[in-house]
1. Which helices (runs of 4 or more DSSP H) does region 1-91 wholly contain that include 2 or more residues that are under 18 Å from LEU221 (Cβ atoms), open to solvent by 50 Å² or more (accessible area, probe 1.4 Å) and at pLDDT 90 or above?
2. Could you please give the count of residues in region 256-270 that are modelled with pLDDT under 75 and assigned to a helix (DSSP H, G or I)?
3. Give me the pairs, please: first residue somewhere in region 207-220 and touching a residue at least 12 places away in the same chain (Cβ under 8 Å), second residue anywhere and β-branched (Val, Ile, Thr) and open to solvent by 70 Å² or more (accessible area, probe 1.4 Å), beta-carbon distance under 9 Å, and either six or more positions apart or on two chains.
4. Taking VAL237 as the residue in question, decide whether it is outside any helix (DSSP H, G or I) and at pLDDT below 95.
5. State which residue pairs qualify: first residue without any contact (Cβ under 8 Å) to a residue 24 or more places away in the chain and inside region 103-126, second residue surrounded by fewer than 18 Cβ atoms within 10 Å (Cβ to Cβ) and in a loop (DSSP other than H, G, I, E, B) in any location, beta carbons under 6 Å apart, and separation of 6 or more residues or different chains.
6. Assuming LEU133 fulfils every condition listed in (1) at pLDDT below 75; (2) open to solvent by 30 Å² or more (accessible area, probe 1.4 Å) apart from one, which condition is it?
7. Could you tell me which residue of region 136-176 is modelled with the highest pLDDT, considering only residues that are assigned to a helix (DSSP H, G or I), over 30 Å from GLU113 (Cα atoms) and open to solvent by 40 Å² or more (accessible area, probe 1.4 Å)?
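The values are calculated or read from the model by the stated rules, or taken from the named source; none is laboratory data. Keep in mind it's a predicted model, so treat the numbers as computed, not measured. Using ideal geometry, Cβ is built from the backbone for each residue, glycine included, and neighbour counts are taken over all protein chains shown. Ligands, DNA and RNA are excluded from the accessible area calculation, which covers all protein heavy atoms including side chains. Shrake-Rupley method; radii C 1.70, N 1.55, O 1.52, S 1.80 Å.
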Amino acid sequence: MAHLCILMATVIWGLQSPFGKDAMTHGIDGYDMIAFRAAGGAALFWLTSLFVKREKICWRDRLKLIGAGLLGLVFNQCCFTIGLSITSPVNASIVTTSLPIFALVLAAVILKEPVTGMKAGGVLIGCSGAVMLIVSSAVASSAKVGNIWGDLLCMGAQFSFALYLALYCNLIRRYHAVTINKWMFLWSAMFVVPFSSGHLLATDWAAVPMKSWFEAGFVVLFSTYVAYLLVMQAQAVLRPTVVSIYNYIQPVVAVAVSIVMGMSVLTWQQGLAAVLIFSGVGLVIKSKSRRDMAAQKS
């Protein structure tokens, strides 16, 4: 059951790139989508919190959740959503697999995790793939191949989320995931919605086709809410390395659907970049953490 949950979550995230891209190409732009995700996520997680055990959060931790909301949601979703709106779904999905590499680098700097030869090699291989992907976008003559600024924004989203994990890992472990997310999404909505209200009011919603509404609804309901609940169920049973390996399914789904929908083309440079990033992430996942190395010595 746990494997089915993580499989469904990664398939949903794989569908997010082409569906979100299509919605943002036909009436609903990136700023609208960001506001929908922040407000929709806050409403859904607060509603869910009514059915789980209530946890008391001290005021110091509530203040920390402001920073967590900024890094884990506001900056992360703003960069990814706007980046997706200007680059190809293929590139956006490939870039998302670089998260473990950013997490490793930040864990070494902030949490003083040891950097082994395997970790360093994984970072170098993964970074070479990311550079190849960005260079191929820079020289591309078609938006279906990619856009360098969109790629960089999607990469910035991964860096923001990795920084959130490194800085707030202890805070995340102290409370239930629903409790964390209801407060993070609340702060996210409070930051995002007021700044996007003028843009929301100026949008001609009557001109938005029904297909775009369904695609935006998929992003809010499934990619922002359902997929995370499925991941929570899987994480309670499966080892983190197993959960991480399933992330490779995401770009496969995104690439296949994007090509079928005629939104992207797959070049050999993108394929080679994906192989390099996947290989680098694989080495990072297999390398030992500080806890593993301490347990091995004892």
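1. So the answer is 2-25, 30-49.
2. 3
3. Close Cβ pairs (under 9 Å, with a partner that is β-branched (Val, Ile, Thr) and open to solvent by 70 Å² or more (accessible area, probe 1.4 Å)) amount to SER212/THR25.
4. yes
5. The qualifying pairs are ALA108/VAL115.
6. (2)
7. Residues of region 136-176 that are assigned to a helix (DSSP H, G or I), as a first pass: 136-138, 148-174.
When the remaining residues are screened for being over 30 Å from GLU113 (Cα atoms), the result is 136-138, 148-150.
Now restrict to residues that are open to solvent by 40 Å² or more (accessible area, probe 1.4 Å): 138, 148-149.
Values: ALA138: 56, ILE148: 80, TRP149: 86.
Here the answer is TRP149.
Matching residues to (1) over 20 Å from VAL193 (Cα atoms); (2) touching a residue at least 40 places away in the same chain (Cβ under 8 Å):
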site	(1), (2)
TRP13	yes, yes
SER17	yes, yes
ASP22	yes, yes
GLY40	no, yes
TRP46	no, yes
VAL52	yes, yes
TRP59	yes, no
GLY69	no, yes
